[in-house]
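Asker: Below is a structure I'd like to ask you about.
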Amino acid sequence: MITWMQKHKKYLVVTIWVSTIAFVGAGFVGWGAYDMNTSRAKSVAKVGSRNISISQFQQKYSTMYEYYLSASNGKFNQEQAEQMGLDKVVLQRLIQDNVMLNYADELGLGISDEEIILALMVDPSFMVDGKFDKAKYENSLKQARISPKDYEKNLADSLLLDKLFNALKIDANSKDLDMLASSYFMEDRLSLEI
């Protein structure tokens, strides 16, 4: 090795620099200092083919927090939210929703732009004098710090969940209930003699 270094000393400095740069670069990528996956930085979790974004998590968290705050007449605080694990509850609910959305994708269900527009047009929170008001829509989203793109994506997801649940809702008849009851209340009888 030393003989090779003495023989090729004019290339030695270049070889050492290239090796050092390769080692440092591999360290950054391998040890997580630089992440090549940009979607991971924008999402909390990935469920199937769908990502749960940080903004979705924050919106759902604030919605749940407001719900508990109003249910407790303003006595709910951040400490109680941490004690009950509200962040875990929100994440679990988002994961369940995304499992169902993945199932809807597998079934080929989808939401068209027309369905989103129709849902926006009939939403009473965006109406003025019984008609959809674009300015009110934009101002409401601006006050809530939600981009129209994110709001419409969340709306499409909720419409898709509604469509899936309506497709899966099948009324049970009396025979179905009898079969369920008989399998639930079935018992084995056993007698032993010694």
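Asker: Give me the one-decimal nm value for the distance between modelled label points at Tyr103 and Ala71, 7 Å along each residue's Cα-to-Cβ direction.
Answerer: About 2.3 nm, to one decimal.
Asker: Among 119-128, 177-186, how do they line up by average Cβ neighbours within 10 Å per residue, starting with the highest?
Answerer: 119-128, 177-186
Asker: Note down the magnitude of the dipole of the chain about its Cα centre, charges +1 on Lys and Arg C-beta and -1 on Asp and Glu C-beta and zero elsewhere, to the nearest 20 debye.
Answerer: Once rounded to the nearest 20, the dipole reads 1580 debye.
Asker: Here are labelled values, (i) -0.27; (ii) -0.36; (iii) -0.56, and one is the computed log10 I(q)/I(0) by the Debye sum over Cα atoms at q = 0.08 Å⁻¹ for what I pasted. Which one?
Answerer: Evaluating log10 I(q)/I(0) by the Debye sum over Cα atoms at q = 0.08 Å⁻¹ on these atoms matches (iii).
Asker: A further question on this structure: Sort the range 67-153 into rounded, prolate or oblate with this rule: let a ≥ b ≥ c be the square roots of the eigenvalues of the Cα gyration tensor; rounded if a/c is under 1.5, and if a/c is not under 1.5, prolate when a/b is larger than b/c, oblate otherwise.
Answerer: Here the range 67-153 falls in the oblate category.
Asker: Excluding ligands and nucleic acids, what accessible area in Å² is computed for Lys46 using a 1.4 Å probe, to the nearest 10?
Answerer: Roughly 140 Å² of Lys46 is accessible to a 1.4 Å probe.
Asker: A follow-up question, please. Using only the Cα atoms of the range 102-194, construct the convex hull and provide its projected area averaged over every direction, in square nanometres to one decimal.
Answerer: Approximately 12.5 nm², given one-decimal rounding.
Asker: Using a 1.4 Å probe, how large is the accessible area of Glu138, given in Å² and rounded to the nearest 10?
Answerer: Its accessible surface works out to 90 Å², give or take rounding.
Asker: Here's another thing I want to ask about it. Can you work out the accessible area per residue across the chain, with the rest of the protein chains kept in place, probe 1.4 Å, in square angstrom?
Answerer: Details: 15600 Å² over 194 residues.
The answer is 80 Å² per residue.
Asker: Taking the Cα centroid of the range 164-186 and of the range 144-160, what is the distance between the two, rounded to the nearest whole Å?
Answerer: 35 Å
Asker: Right, something else. How large is ³J(HN,Hα) for each residue in the range 50-63, as worked out from phi by the Karplus curve 6.51 cos²θ - 1.76 cosθ + 1.60 (θ = phi - 60°), to whole Hz, x for Gly and Pro?
Answerer: Each residue's phi maps through the Karplus curve to give 10, 9, 9, 6, 5, 5, 4, 4, 5, 5, 5, 5, 5, 5 Hz.
Asker: Given R₀ = 45 Å, FRET efficiency for Arg93-Glu187 by Cβ-Cβ distance, to 0.05? Kindly include the intermediate steps, with their values, before the conclusion.
Answerer: Working: r = 37 Å, r/R0 = 0.83.
So, using R0 = 45 Å, E works out to roughly 0.75.
Asker: Give me the one-decimal nm value for the distance between modelled label points at Asp113 and Gln78, 7 Å along each residue's Cα-to-Cβ direction.
Answerer: 4.1 nm
Asker: So if each residue of separation counts as 0.36 nm, and I subtract the Cα-Cα distance between Asp178 and Ser140, what length gain in nm does that give?
Answerer: Details: separation 38, 0.36 × 38 = 13.68 nm, distance 5.09 nm.
Length gained between Asp178 and Ser140: 8.6 nm.
The values are calculated or read from the model by the stated rules, or taken from the named source; none is laboratory data. Since we're looking at a predicted model, the values are computed, not measured. Because the Cβ atoms are built from the backbone with ideal geometry, glycine has one as well, and the counts that use them run over all protein chains shown. Surface accessibility is based on the protein's heavy atoms, side chains included, excluding ligands, DNA and RNA. Shrake-Rupley method; radii C 1.70, N 1.55, O 1.52, S 1.80 Å.
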